[in-house]
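The values are calculated or read from the model by the stated rules, or taken from the named source; none is laboratory data. Just so we're clear, the structure is a prediction, and the values are computed from it rather than from any experiment. Note: ideal-geometry Cβ built from the backbone for every residue, glycine included; neighbour counts use all protein chains shown.
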């Protein structure tokens with residue numbers, strides 16, 4: 001889609017010929033604007049015996065704690081995206097150690113790729129989307145103030161060793177799809 | 001974005017306030033149409049000592065052999081998408097055995113999630129996007145007529161046991177990003 005087409009596009013929702021699903025189709029040129037699931041990339045970042053959490057400064061779930069994670073951008077890799085999010089949300093420089101888990105939230109058409117990571121230093125501070133950031137020992141994690149079910153899954157899976165040498169990476173707990 | 005908004009949207013490309021990247025922004029209502037990387041879901045499907053390949057009936061790479069794989073749809077899971085693609089492209093009913101690999105093709109803003117799978121039966125036939133389908137022993141795989149680099153990666157990684165019990169899942173071979 002050229003920039004000119006972007007500016008003039010006038011879409012309607014219909015099933016294109018040869019397809020079996022409703023799509024956004026430009027009335028003028030027939031261009032089909034496919035709508036795609038979104039990829040969230042993030043990490044469980046460790047410094048010694050503590051994990052990095054960020055208290056959200058924005059909705060949804062403002063005030064609750066989350067992992068550094070967010071939507072993948074065009075033309076980056078999942079690993080680059082996870083590092084970028086750690087920087088944007090917690091000014092954290094991290095080294096990725098491998099994949100921890102792949103979660104699906106089909107209600108939101110979301111695929112989450114969460115990495116195991118090590119902080120390069122314990123110097124972290126809140127980025128613009130975080131109210132505060134902190135390094136928590138397991139016993140100090142604010143379990144009652146976790147922002148999303150998948151954050152809890154990732155912390156539990158990390159703690160159980162998912163993705164470590166010889167251990168499989170994890171996916172959604174059975175029957176759970178990220179609803180509250 | 002409501003259906004009415006879809007039909008009237010008139011987008012321009014600019015950096016929204018508080019952002020650091022150019023986005024498609026509606027001139028009328030300010031709605032930001034984020035563009036997202038796309039998720040490809042697929043599988044290496046085995047029946048006894050043979051793997052399933054599909055000869056492409058469509059471009060790109062018409063006439064070359066590929067795995068059953070394609071773009072994930074809204075509101076499905078990666079596992080559901082991989083099963084759907086096996087059915088659409090090869091009329092194959094499959095059982096997923098676990099994740100094999102996660103590949104990144106940043107030039108195309110593509111993330112590929114490839115599963116290890118077993119065919120429920122050897123009855124396969126070409127779907128509308130395949131010219132023919134076949135079950136190949138390793139020595140019979142048409143290596144010179146493989147459609148995409150990531151298909152070769154997946155076959156190699158499958159053969160090496162990636163994702164099996166105690167073995168890690170794979171990602172891009174070092175320095176390879178899916179270019180020819």
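Given the criteria in a helix (DSSP H, G or I) and surrounded by fewer than 19 Cβ atoms within 10 Å (Cβ to Cβ), does residue B:123 qualify?
Numbers: in a helix (DSSP H, G or I): no; surrounded by fewer than 19 Cβ atoms within 10 Å (Cβ to Cβ): yes.
No, not satisfied.
Identify all residues within the stretch A:82-101 that are in contact with a helix residue (DSSP H, G or I) (Cβ under 8 Å, 6 or more places away or on another chain), assigned to a strand (DSSP E or B) and surrounded by fewer than 21 Cβ atoms within 10 Å (Cβ to Cβ); write none if there are none. Spell out the reasoning first.
Taking the stretch A:82-101 as the starting set, the residues that turn out to be in contact with a helix residue (DSSP H, G or I) (Cβ under 8 Å, 6 or more places away or on another chain) are A:92-94, A:96, A:100-101.
Imposing the further condition that a residue be assigned to a strand (DSSP E or B) reduces the set to A:94, A:96, A:100-101.
Across the stretch A:82-101, the qualifying residue is only A:96.
Conditions (1) surrounded by fewer than 19 Cβ atoms within 10 Å (Cβ to Cβ); (2) within 30 Å of residue B:177 (Cβ to Cβ); (3) modelled with pLDDT under 95; (4) within 8 Å of chain B (Cβ to nearest Cβ), marked per residue:
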site	(1), (2), (3), (4)
A:7	yes, no, yes, yes
A:23	yes, yes, yes, no
A:26	yes, no, yes, no
A:34	yes, yes, yes, yes
A:54	no, no, no, no
A:65	no, no, no, no
A:69	no, yes, no, no
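Need at least 2 residues that are over 30 Å from residue A:103 (Cβ atoms) per element, so show me which strands (runs of 3 or more DSSP E) inside the stretch A:5-65 make the cut, counting only ones lying wholly within it.
Working: elements: A:11-14, A:23-26, A:38-47, A:50-56.
Where strands (runs of 3 or more DSSP E) fall fully within the stretch A:5-65 and carry at least 2 residues being over 30 Å from residue A:103 (Cβ atoms), they are A:11-14, A:23-26.
Just one of (1) more than 12 Å from chain B (Cβ to nearest Cβ); (2) part of a loop (DSSP other than H, G, I, E, B); (3) touching a helix residue (DSSP H, G or I) at 6+ places or on another chain (Cβ under 9 Å) trips up residue A:73, so point out which.
(1)
Of the numbered conditions (1) within 12 Å of chain B (Cβ to nearest Cβ); (2) in a strand (DSSP E or B); (3) within 29 Å of residue A:164 (Cα to Cα), residue A:79 fails exactly one; give the number of that condition.
Only one criterion is unmet by residue A:79, namely (2).
Quickly run through the stretch A:133-162 and pick out the residues that are over 17 Å from the mean Cα position of the chain (by Cα) and within 14 Å of another protein chain (Cβ to nearest Cβ).
A:161, A:162, listed by residue number.
Looking at the structure I just gave you, is residue B:16 under 14 Å from the mean Cα position of the chain (by Cα) and either more than 11 Å from chain A (Cβ to nearest Cβ) or crowded, with 20+ Cβ neighbours inside 10 Å (or both)? Even if it seems obvious, please write down each step before you answer.
Numbers: under 14 Å from the mean Cα position of the chain (by Cα): no; either more than 11 Å from chain A (Cβ to nearest Cβ) or crowded, with 20+ Cβ neighbours inside 10 Å (or both): yes.
Spelling it out, it is not the case that residue B:16 is under 14 Å from the mean Cα position of the chain (by Cα) and either more than 11 Å from chain A (Cβ to nearest Cβ) or crowded, with 20+ Cβ neighbours inside 10 Å (or both).
Report whether or not residue A:108 is in contact with a helix residue (DSSP H, G or I) (Cβ under 9 Å, 6 or more places away or on another chain) and within 12 Å of chain B (Cβ to nearest Cβ). Give the derivation first.
Working: in contact with a helix residue (DSSP H, G or I) (Cβ under 9 Å, 6 or more places away or on another chain): no; within 12 Å of chain B (Cβ to nearest Cβ): yes.
No; evaluated as a whole, the condition is false for this residue.
Assuming residue B:132 fulfils every condition listed in (1) closer than 19 Å to residue B:55 by Cα; (2) free of Cβ contacts under 8 Å to residues at least 40 places away in the same chain apart from one, which condition is it?
Single failed check for residue B:132: (2).
Of the conditions (1) over 30 Å from residue B:164 (Cα atoms); (2) modelled with pLDDT under 95, residue A:167 fails just one. Which one is it?
It is condition (1) that residue A:167 fails.
Out of all the residues in the stretch A:142-167, which are in contact with a strand residue (DSSP E or B) (Cβ under 7 Å, 6 or more places away or on another chain) and assigned to a loop (DSSP other than H, G, I, E, B)?
Filtering the stretch A:142-167 down to residues in contact with a strand residue (DSSP E or B) (Cβ under 7 Å, 6 or more places away or on another chain) leaves A:142, A:145-148, A:150-155, A:157-158, A:162-163.
Correct list: A:142, A:147, A:148, A:162, A:163.
Anything in the stretch A:147-175 that is in contact with a helix residue (DSSP H, G or I) (Cβ under 7 Å, 6 or more places away or on another chain), surrounded by fewer than 19 Cβ atoms within 10 Å (Cβ to Cβ) and more than 17 Å from residue A:46 (Cα to Cα)? List them, or say none.
Passing the criteria: only A:173.
Are any residues in the stretch A:111-125 away from chain B (no Cβ under 11 Å) and touching a helix residue (DSSP H, G or I) at 6+ places or on another chain (Cβ under 8 Å), and if so, which ones? I'd like the intermediate steps shown before the answer.
In the first step, residues of the stretch A:111-125 are kept if they are away from chain B (no Cβ under 11 Å); the result is A:114, A:116-125.
Scanning the stretch A:111-125 gives A:114, A:116, A:117, A:124, A:125.
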